[in-house]
Amino acid sequence: MAKRDYYDILGVGRDATEKEITSAYRKLAIKYHPDSHPDDQDATAKFKQAAEAYDILNDPEKRARYDQYGEAGLGGGGGFHSVDDIFDAFGDIFSGGIFGDLFGGGRGRRSRAGADVRADVELTLDEAAKGVTKKVSFRRRELCKTCDGSGAKPGADKEFCPICAGRGQVVQAAGILRVQTTCPECRGAGYKISEYCGDCRGEGVIARKITLPIPIPAGVDDGTRVRVKGEGEPSPDGGPPGACYCFVHLAAHPLFQREGPNLILQLPVSYCQAALGATLEVPTLDGADELVIPRGTQSGDVFRLRGRGITDVHSGVRGDLLVNTFIETPKKVNAEQDRLLRELAELEQVDVTPRRKSFLEKLRGYVKSLHDEASDGSSNEREHA
């Protein structure tokens, strides 16, 4: 077939994104896949042509040379000699998604990763704020040492599975397509065992309790997942092991509440401290710090100590400590305190605060209106009489 412009072959514009190019190639690869068109040389040629176009346009360097010089800028050579070359070049595309479901991963089985496992760890707020390495225990399945993961008793015979002929996969026809699935007889192993291992009962793996030191970064919050690569279960067919996901649980702190990277502290202050102002010592995760309480502080006022919170696990920026004050009223007072408070109460009857004066004025007005309404009612009753 005569070659055309690579953009025309994929049906995309010259400003197409990488995602658009990949999507266009997938559609053509499905349309002209050799498994869908056996013995159709024209479809195979179009399949190769689409792969060649994708090979050039998906590579930024090759695409730039092609855009500037055309095919001459590629130095010749190019293209794919066989369909198998395409599967080898783009194995990652043909191994997943619709390609893996319809065509069995590009005519070859791709090794699967092992299963992930879960672990849980409880941290104090101080540990979460500063980061810590904790020993965490969990259970995972490991390769049986007796049979080296084969599931067969040492010395037992293995023979190819007669159903899948050792491939571990069986192909079923679905219209013009062929659907490849795991062999139900050997469960994907590709062989059958005459006698199973007594330790793992043919599973090839044994569950064991594992204890690992897991580094927890500073700033994690309740529910955060820490991924430890390679500490999951082994792959059933030689692939990479899975991961261990460690879930963080934070214990309640006696003083602080957490709100993202910020900490909240409820600080009681006395009536005198709030009225006259004071310098108080407040706790932080780094030790004691001083906080100036200005005159006239009201219950519910919030003061901010910058940089005294928790480091954000993503940005690395440290939050603040928010001190929420509330006026603490004593439940018991001694004789001297009682005398002084009574003197203050007497003074307030003369020199009341503006807020209290406003309230008393409203109260007098309300009482007067009630009295006036009552007087009007009595007058009306006399007139009717």
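Would you mind listing how long the stretch 171-260 runs along its three principal axes, going by Cα atoms, in whole Å with the largest first?
65, 43, 19
How do 361-369, 49-57, 269-277 rank on mean C-beta neighbours within 10 Å, highest first?
By packing density, highest mean first, the sequence is 49-57, 269-277, 361-369.
Let me check I've understood the local charge: for residue 157, count other residues with C-beta under 11 angstrom from its C-beta, Lys and Arg +1, Asp and Glu -1. What total comes out?
Cβ neighbours under 11 Å give a net charge of +1.
In angstroms, what radius of gyration and Dmax does the stretch 256-328 have, counting Cα atoms only?
Values for the stretch 256-328 (Cα only, Rg and Dmax): 12.9, 43 Å.
Straight-line reach only, C-alpha to C-alpha below 27 angstrom: list the lysines that residue 130 could link to, leaving out same-chain residues fewer than 8 apart.
229
Put a dot 7 Å past each Cα toward the Cβ at residue 64 and residue 270; how far apart are the dots in nm?
Going from the residue 270 label point to the residue 64 one covers 7.4 nm.
Ranking 325, 182, 17 by Cβ neighbours within 10 Å, fewest first, what do you get?
In order of increasing Cβ crowding within 10 Å: 17, 182, 325.
If each of residue 280 and residue 368 carries a label point 7 Å out from its Cα toward its Cβ, how far apart are those two points in nm?
Taking the two extended label points, one gets 4.1 nm.
Calculate the FRET efficiency for residue 5 and residue 39 from the Cβ-Cβ distance with a Förster distance of 22 Å, rounded to the nearest 0.05.
According to the calculation, E is roughly 0.15.
Please give me, ordered by residue number, the trypsin sites (Lys or Arg not before Pro) of the stretch 209-312 that lie in loop per DSSP and have at most 15 other Cβ atoms within 10 Å.
Answer by residue number: 229, 295, 306.
What spacing in nm lies between the two simple spin-label points modelled at residue 334 and residue 225, each 7 Å away from Cα in the Cβ direction?
Each label point lies 7 Å from its Cα, and together they span 6.0 nm.
If you stretched the chain out fully between residue 324 and residue 31, how much longer would it get, using 0.36 nm times the residue separation minus the C-alpha to C-alpha distance?
98.9 nm
Once R0 is set to 56 Å, what does the formula 1/(1 + (r/R0)^6) return for the Cβ-Cβ distance between residue 135 and residue 23, expressed as a FRET efficiency to the nearest 0.05?
Working from the Cβ atoms, E equals 0.75.
Give me 123, 212 ranked fewest to most by other Cβ atoms within 10 Å of their Cβ, as a rough exposure proxy.
So the ranking, lowest neighbour count to highest, is 212, 123.
Among 323, 333, 121, rank each residue by its count of other Cβ atoms within 10 Å, from fewest to most, as a rough exposure measure.
333, 121, 323
Just so you know, all these numbers are worked out from the coordinates, no wet-lab data involved. Predicted, not measured: the structure shown is a model, and the values here were computed from it. Positions of Cβ are generated from backbone atoms using ideal geometry, with glycine treated the same way; all protein chains shown enter the neighbour counts.
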